[in-house]
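Structure record follows, encoded as structure tokens.
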Amino acid sequence: MSSVLLATTQRDLLLAGRRRIEALLPLGFFIVAASLFPIGVGPEPQTLRQIGPGVVWVCALLAAMLSVTQMFASDHQDGSLEQMLLAPQPLVMLVTGKVLAHWLTTGLPLVIAAPLIGLLFDMNGAAIVALTATLLVGTPVLSLLGAVGAALTLGLRSGAALVFLLVLPLTVPTLIFGTGAVGAVESGLSPAAHFSLLGAVLILTALGAPPATAAALRISLD
Amino acid sequence: MTQRLRWSTFSAPSRFYSMAGRLVPWCWAVTVLFAIAGLYMGFGIAPTDFQQGDAYRIIFIHVPAAWMSMVIYLVMAFFAAVGWAMNARMASMYARALAPTGAMFTFLALWTGALWGKPTWGTWWVWDARLTSEFILLLLYFGYIALTEAIDDARRAANAGALLAIVGAVNVPIIYFSVKWWNTLHQGATVSMTAAPKMASTMLTAMLLMTVACWAYSFAVVFTRARAIVLEQESDTDWVRSLTGAR
């Protein structure tokens, strides 16, 4: 079972490694979008410090949604997705492997880049640590939920725009607990409650999203 | 003529089509009667509120609309799930017919809420827990409608919509509580709906009459829309051809 997962992850990572620039585009989007905010809102450090966590989180959400449509698209085009559906191995494991690869190629770079953005927004050390930790727990949720949306909109003309409309409302709890933890640290409170809730959301999504994605793939390739 | 009526009798699109056609005028009649009675009670008999003046009278449409918006989402998710699990086409068609009405009621609840909020709270919109979760409900409706409209194949559209509706229904409680905690953790509750002043019985009666009107309206509109969807999706069958007189 887990060998299927690892094989799928390895394959997707290899594919991403062959097209490095393409794989790093979401990170580029994340940095550009986040750095537009100080220009748009104004450079006052007080304001930037206040909006920083929210901006980083929203930009991470958008970057994840932007890249998630590619999760199944190329496999769908060259027909390998249909072979995966026909394979004797459980589809849920294959899907989980692809989600893991997506998170490693797009989610993890965002987590690594987040402290840099935090510095640009004049956040203090403790808040930056909290922000990075929430992104570490929260970005897998985005990949998992995004996979459901990507599978539902597979092969549709307006698929990319639809994913935003379908998935973003479902990511509201992640956004709230993620920014809530940073806000708690900034105001000197314990972020433990927010982290627990964020972890609960991650566990629920990790259990629920892969079967839903597998079902959505079966519907889409009926 | 001695057919037995089973629960599945009206899951045949042709039977549903003729039955719904007969029911729609009655639904409209109930809608108009109850709406007239409810509006008369609400605007003519119910007393003016000593705190909010006459502005409160918008509850006679606001509260039923908010109730309908939530009930219709659950009913829609239920029918979509039944249609997906049991491969019942009629249930999937009901789900698709329900979505625009649900979205309309959600929008109506938000809009009348804004109109009510301006004179009483002094603002069109606050990011209160209830308002925010109702707004997200509207987005979920839009997502469902957009997804089912974007897929050309009727069966794939119905099943994909069903999956989305179920995922949404599972998420609604999580979203509601997260939004509630978000709001209370940050700024404290500005508006509490639970501590509303006790309602005069005429107000309650008017509101219930309006609720019945909203239910009847939903049945009328959803039946009409479902009939149109049935005609569209069954257009190559004999009974639709004989109905339209086409070759």
Along the positive direction of the dipole of the range B:20-233 (beta-carbon charges: Lys, Arg +1; Asp, Glu -1; about the Cα centre), which of B:66, B:34, B:126 reaches farthest?
B:34
Computed for the range B:20-233: size of charge dipole around the Cα centre, +1 on C-beta of each Lys and Arg, -1 on C-beta of each Asp and Glu, debye to nearest 20, value 300
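Per residue of B:164-170, count partner chain C-beta atoms within 10 Å of its C-beta, then hand back the mean as an integer. Can you show the working numbers first?
Numbers: counts 9, 0, 2, 12, 3, 0, 4.
Counting Cβ atoms of other protein chains within 10 Å of each residue's Cβ and averaging gives 4.
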Charges on Cβ only, +1 for Lys and Arg, -1 for Asp and Glu, centred on the Cα centroid of the protein assembly as shown; of B:144, A:175, A:73, which one is farthest towards the dipole's positive end?
B:144
Mean other chain Cβ within 10 Å across A:186-199 is 1
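How much length, in nm to one decimal, is gained on full extension between residue B:43 and residue B:204, taken as 0.36 nm per residue of separation minus their Cα-Cα distance?
Details: separation 161, 0.36 × 161 = 57.96 nm, distance 1.26 nm.
Separation in residues times 0.36 nm, less the Cα-Cα distance, equals 56.7 nm.
Does the protein assembly as shown come out rounded, prolate or oblate, given a ≥ b ≥ c as the square roots of the eigenvalues of its C-alpha gyration tensor, rounded meaning a/c under 1.5 and, failing that, prolate meaning a/b above b/c? Present the calculation step by step, with values, prior to reporting the outcome.
Working: a/c = 2.61, a/b = 1.21, b/c = 2.16.
Taking the square roots of the gyration eigenvalues as a ≥ b ≥ c, the protein assembly as shown is oblate.
I'd like the FRET efficiency for residue A:196 and residue B:243, computed as 1/(1 + (r/R0)^6) with the beta carbon distance as r and R0 of 56 Å, rounded to 0.05. Mind showing how you got there, number by number?
Working: r = 59 Å, r/R0 = 1.06.
With R0 = 56 Å, the Cβ-Cβ based efficiency is 0.40.
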If I fit a long axis through the Cα atoms of helix B:13-40 and take the longest principal axis of the Cα atoms of chain B, what angle between them do I get, 0 to 90°, rounded to 10?
20
Contact order relative to length for chain B, counting C-alpha pairs under 8 Å separated by 6 or more residues, stands in percent at 35
Lys, Arg +1 and Asp, Glu -1 on Cβ, resulting dipole of chain A about Cα centre, debye, nearest 20:
200
Using the basic label-point model (7 angstrom from Cα toward the beta carbon), what is the residue B:153 to residue A:20 distance in nanometres?
4.0
About the Cα centre, charge dipole magnitude for the protein assembly as shown (Lys/Arg +1, Asp/Glu -1 at Cβ), debye
940
GNM, chain B, Cα, under 10 Å: largest mean-square fluctuation among B:42, B:113, B:53?
B:53
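Which loop-located chymotrypsin sites (Phe, Trp or Tyr not before Pro) does the range B:32-103 contain, where loop means any DSSP state but H, G, I, E or B and the Cβ has at most 13 other Cβ atoms within 10 Å? Present the calculation step by step, with values, prior to reporting the outcome.
Working: sites: B:34, B:40, B:43, B:50, B:56, B:60, B:67, B:73, B:78, B:79, B:84, B:94; in loops: B:50.
The qualifying sites are B:50.
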If you average 1/r over all unlike Cα pairs in the range B:20-233 and invert the result, what Kirkwood radius do you get in angstrom?
18.5
Among B:170, B:222, B:75, whose mean-square fluctuation peaks in a Gaussian network model of chain B (Cα, cutoff 10 Å)?
B:170
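Computed from the coordinates by the stated procedures, all read-outs in this text should not be read as laboratory data. Everything quoted here is computed from the prediction, not taken from an experiment. Heads up, the Cβs are rebuilt from the backbone with ideal geometry, glycines too, and the neighbour counts pull from every protein chain shown.
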